[in-house]
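Presented below is the structure to which this report refers.
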Amino acid sequence: MSKIKKIGVLTSGGDAPGMNAAIRAVTRTAIYYNLDVIGIRHGFRGMIEGYFKPLKAHTVSDIIQRGGTILKTARCPEFKTKKGRKRAYGNLKSMNIDGVVVIGGDGTFTGAGIFSEEFNIPFIGIPGTIDNDIYGTDVTIGYDTALNTVVEAVDKIRDTASAHNRLFFVEVMGAEAGFIALRSGIACGAEAILIPEEKDQVTTLKSFLEDGFRRKKSRNIIIVAEGDEGGATEIARKLKKDFKDYSMRVTVLGHIQRGGSPSVFDRVTASRLGYHAVEALMDGQNSAMVGIQDNEVVLVPFRKAVKLNKDVNRELLEISKILSI
Ligand code: ATP
């Protein structure tokens, strides 16, 4: 018999499409098992300030298709202090919340892990971030939708690039990880993909472009992960003097990658993980993330999920190079 009677759910860090589908799944699974559910608004800040609202089955109707998060999200420096976490604990206790599901990225899991070591309230995480940079899960909620958004945008850019003989640099999100750049780059047939996991890419790109130039390649789409070697604008600036005959353009896709209605894949992933997160709490699990490996749901300790680095698929990188000759 589970000791859990009332759970809290929150979204934290950067928002990602599919977070609402996860909130819905957590809420409805909990209600199915006769648990009470409290929505904690504005992430960890809501835990500290006591922004609580009961969630019912109908509160989460009509949200599975919506981007963003109905619970709002936040970055909360105060949660990094013991004093802040103590206040949060006091609020959870006074609400009789005896387990929390957190939906977010590695910062969120770091905070949740520290909290559950200090206080006797279990935390289970659901990976929700468009960057897909969390170890222990093949996918994170929001990643697939973000990829589709990038591909749709680049397809449009490609039309205009072809019409004008242009060299287009498209900057996508992923300051520390090239998952979005690599996968979207392959999907839209980019001529080159620059990711933070690779070194000396500008030199390689230069010789690649020179070669293409000789072969009178009229149009090039280069996908650049944000921040990589200074970002797309900086890379275009570095190459400009060597390719005077090319008309260069830079597009920074920015926040459109975070928005939009979640894809089928993200909705299904969010529904599965939401269900399993509640099951994990009821099974007495703590300080772990529910993730997906080889299409199976797995439980990964926060400790591992936040410490270990997930590498990009090197084979995809090789394939992208071969396919862009
Ligand atoms: P994303 O990957 O989308 O940025 P994230 O969960 O990694 O999501 P962060 O802003 O890094 O986003 O973390 C979210 C929140 O988690 C922080 O605002 C803070 O409240 C909490 N947090 C992060 N690191 C710690 C830490 N070391 N100790 C306590 N809390 C932390």
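Details
- Electrostatic bookkeeping for G230 treats Lys and Arg as +1 and Asp and Glu as -1; over the other residues with beta carbon under 12 Å from its beta carbon, the sum is -3.
- D159 accessible area, 1.4 Å probe, all protein chains in place, Å² to nearest 10: 110 Å²
- Segment 255-276 and segment 221-249 have Cα centres lying 32 Å from one another.
- At q = 0.14, 0.16, 0.18 Å⁻¹, base-10 log of I(q)/I(0) for segment 159-259 (Debye sum, equal scatterers on each alpha carbon): -0.47, -0.62, -0.80
- From the C-alpha gyration tensor of segment 254-325, square roots of 5λ in Å: 29, 18, 12
- Per DSSP, loop trypsin sites (Lys or Arg not before Pro) in segment 104-210 with at most 13 further Cβ within 10 Å: K199
- Rounded to the nearest whole Hz, the Karplus-based 3J(HN,Hα) values (6.51 cos²θ - 1.76 cosθ + 1.60, θ = phi - 60°) of segment 225-230 follow the sequence 6, 3, x, 5, 6, x, with x at glycine and proline.
- For segment 209-312, the Kirkwood hydrodynamic radius from C-alpha pairs, put into Stokes-Einstein at 37 °C and a viscosity of 0.692 mPa s, yields a diffusion coefficient of 180 µm² per second.
- For G178, residues with placed amide H under 5 Å, excluding near neighbours: E197
- Candidate lysines - alpha carbon under 26 Å from K244, same-chain residues fewer than 8 apart omitted: K156, K199, K206, K216, K217, K321
- Averaging 1/r across all pairs of distinct Cα atoms in segment 1-96 and inverting the result yields a Kirkwood radius of 13.7 Å.
- In the context of the full set of protein chains, residues of the chain present 45 Å² of accessible surface per residue (probe radius 1.4 Å, heavy atoms only).
- Averaging the sequence gap over all C-alpha pairs within less than 8 Å and six or more residues apart, then dividing by the number of residues, gives segment 249-325 a relative contact order of 16 percent.
- Cα gyration tensor category, rounded, prolate or oblate, for segment 130-206 with a/c compared to 1.5: oblate
- What the phi angles of segment 133-145 give under the Karplus curve with 6.51, -1.76 and 1.60, with θ = phi - 60°, is a coupling list of 9, 10, 5, x, 9, 5, 9, 10, 5, x, 5, 5, 5 Hz, glycine and proline written as x.
- Taken about its Cα centre, segment 37-100 carries a charge dipole of roughly 360 debye when the Cβ of each Lys and Arg holds +1 and the Cβ of each Asp and Glu holds -1.
- Helical mean residue ellipticity (222 nm; -39500 (n - 2.57) per DSSP H run of 4+; nearest 500) of the chain: -13000 deg cm²/dmol
- Take every Cα pair under 8 Å whose residues are at least 6 apart in sequence, average their separation, divide by the length of the chain, and the relative contact order is 24 percent.
- Once C-alpha pairs closer than 8 Å and six or more residues apart are averaged by separation and normalised to the residue number of segment 173-325, the relative contact order reads 26 percent.
- The HN-Hα couplings worked out from phi for segment 312-323 by the Karplus form 6.51 cos²θ - 1.76 cosθ + 1.60 (θ = phi - 60°) are 6, 6, 5, 5, 4, 5, 4, 4, 4, 5, 5, 6 Hz, whole numbers, x standing for Gly and Pro.
- Rounded accessible area of T251 (nearest 10 Å², 1.4 Å probe): 40 Å²
- For q = 0.07, 0.10 Å⁻¹, Debye-computed log10 I/I(0) when each Cα of the chain counts as one equal scatterer: -0.32, -0.60
- Straight Cα distances below 18 angstrom link K5 to the aspartates and glutamates D36, D98, E279, D283, with same-chain residues fewer than 8 positions distant left out.
- Fully extending the segment from E49 to Q293 would add 84.2 nm, taking 0.36 nm per residue of separation and subtracting the current Cα-Cα distance.
- Surface accessible to a 1.4 Å probe, R272 within the full protein complex, Å²: 70 Å²
- With every protein chain in place, the chain: carbon and sulfur % of accessible area (1.4 Å): 50 percent
- Distant-in-sequence amide contacts of M289, defined by a placed amide H-H separation under 5 Å and a gap of 5 or more residues or a different chain, comprise G125, V300, F302.
- Pairs over the 30 Å Cα-Cα cut-off, from the set K56/K83; K86/K307; K53/K307: K56/K83; K53/K307.
The values are calculated or read from the model by the stated rules, or taken from the named source; none is laboratory data. Everything numeric in this text was worked out from a predicted model, so none of it was measured. Virtual Cβ from ideal backbone geometry, glycine too; neighbours counted across all protein chains shown. The protein model used for the area step is the full one, side chains on, heavy atoms only, and it has no ligands, DNA or RNA in it. Shrake-Rupley method; radii C 1.70, N 1.55, O 1.52, S 1.80 Å.
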